[in-house]
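Contents: one structure, followed by commentary.
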Amino acid sequence: MKITSIIVEDLQPSADFLQKFCERSGLVSVNASCPDAEQALAFLSENLVDLIFLDVEMPGLNGFQMLDQLVYQPQVILTTSKPEYAYNAFEYKVTDFLKKPFTYQRFLDAVQKVEKIRQQTAETEDEHIFIKVNGKLVKLKYDDILFMESMGDYVKFVTPEKRYITLNTMKNLEQKFCGNQFCKVHRSYIVNLSAIDDIQENTLYIKGNEIPVSKSNKASVLQKINVL
Amino acid sequence: MNNPGVHYMFSGRFDSAYLSELYANDIDTAQEIFESSINHIGIELNIAISRFNSGDLEALRRVFHKMKPLFGYVGLPMLHDYVQRFEQRCSDVKHIEELRKEYEDIISVIGDTLDMLRQELYRMKSFNNAKVS
C-alpha cells in the first residue's frame, strides 16, 4: 500500500518538483497540495495521511506553528532551503529533513525512512483492537483483555477494569484472536493465556473469574502454557 | 518520461551532472519545472523590487528565501548560493540602504539569468518537440 501524503508548500515549482518525485517513486500518493498551513490544517482535520511534506517559511503560520496545531501527527519530512531549521526539526521529531533543492536519491532515502517507521507502527498497532460499544469505537489493548465470553449474538470482552458487550460471534473472534496469546478453552470462552492465574481440573481462573475448560480443548490449552 | 536512447545536453553554464541526477533525462519534466521556475523567478523579482523600494528588509529577505531553491531546480547552484548570501545579508544589516549596491547587482544578475533560462527552455522545447515529431 502506498504512503499517503500531503504537500504543504507555498512555492508552486517546489510543490511540482516534489509531486514528480512522488510519482516517479511509485511509493507515495499525494492526496493534496496546499500553498499554506491554514489550508493544510483544514484538509488534515478531515483526512488521515501517513506523511506531510512540509515547508517551513510560508505566508501565515509557519511549518512548526502548523505542527503545533495538529490534532494527530503523521510523519513529517521537512522541505526547506534553510539548514538552520535542522535543530527545530530535531525538536519536533520529524522523520527527515530535505534541504531544497534535493536529489531524487535523497528524496528516496527519506521516503524509505518513512516506510520503515510506518511498518514498525503497523506492527505495534496489531496489538490492539477497536470494538463498537454503544455506538462508539473503544480501543482495547490485547494485553488488557482477560477473556471473551459468548452471549449468543453478542460477545463480552472482560478487562481488569471493565466489561464491554459488542455484537460479534465467537467464530469471528476465534479467527481474529486465537494464536500465541489467546486460546479457545470452551465453545463460549477465549482466554488470554498470559492472564491465567491457575488451572484446576476442568476449570481455569483469571482474576477471580471461573472459566470452564472443555475436554476437547484442554490438551491444546496445556500445550500452549508453560507447564514445568 | 525517460528516453534512455536520446540524451539532452544542457548548455555549458548549467550544472549538467546535477540536472541529470535531478531529472534522470526526463526532459519533459525538466521543461515543466524550468518553465514554472522562470515564471516564479520573474514574479518574485518584481516583488523584491517593490519590497526594496518600500524599505521592508524582512519582507525582502523572505522574497529571496523563497526564490533561492528555484535556482537549484534549474541547475544553477552557484546562483543559489549567491542568493543565499544575499538573504543572509538582509538579516545582518540594520538599514536597507546598506544593501543598495548588492541589491542592484543581484537584481541585474537575476535579470541576465532569466534571459539565459529562457534560451535553455527554448532549446528544451525544441528537443521535446523533435521527439514527438
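No lab work stands behind these numbers, since they all come straight from the coordinates. What you are looking at is a predicted structure, and each value in this text was computed from that prediction instead of being measured. Glycine also receives a Cβ, built like all others from the backbone with ideal geometry; neighbour counts cover every protein chain displayed.
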message = Against the definition (touching a residue at least 24 places away in the same chain (Cβ under 8 Å), on the phi > 0 side of the Ramachandran plot, more than 12 Å from chain A (Cβ to nearest Cβ) and not β-branched (Val, Ile, Thr)), how does residue B:75 come out, yes or no?
response = no
inquiry  = If I ask for residues that are over 15 Å from the mean Cα position of the chain (by Cα) and over 15 Å from residue B:127 (Cβ atoms), which ones from the stretch B:7-21 would you list?
reply    = B:12, B:17, B:21
message = Quick check on the stretch A:45-64. Is at least one of its residues part of a helix (DSSP H, G or I), loosely packed, with under 14 Cβ neighbours inside 10 Å and either of a type outside the set (A, V, I, L, M) or in contact with a helix residue (DSSP H, G or I) (Cβ under 6 Å, 6 or more places away or on another chain) (or both)?
response = no
task = Scan (1) over 20 Å from residue B:82 (Cα atoms); (2) more than 10 Å from every other protein chain (Cβ to nearest Cβ); (3) surrounded by fewer than 20 Cβ atoms within 10 Å (Cβ to Cβ) for the single condition residue B:58 breaks and write down its number.
result = (1)
query = For the stretch A:154-228, which strands (runs of 3 or more DSSP E) that fit wholly inside it have 1 or more residues that are basic (Lys, Arg)?
reply = A:154-158, A:163-167, A:182-186
key: Condition check for residue A:32: of a type outside the set (Val, Ile, Thr) and in a strand (DSSP E or B)   = yes
task = Give the residue that is farthest from the other protein chains (Cβ to nearest Cβ), with candidates limited to residues of the stretch B:6-37 that are surrounded by fewer than 20 Cβ atoms within 10 Å (Cβ to Cβ), closer than 15 Å to residue B:79 by Cα and of a type outside the set (Gly, Ala, Ser).
result = B:13
task = Please find, among A:113, A:100, A:93, the residue that is touching a strand residue (DSSP E or B) at 6+ places or on another chain (Cβ under 9 Å), under 30 Å from residue B:24 (Cα atoms) and exposed (fewer than 15 other Cβ atoms within 10 Å of the Cβ).
result = A:113
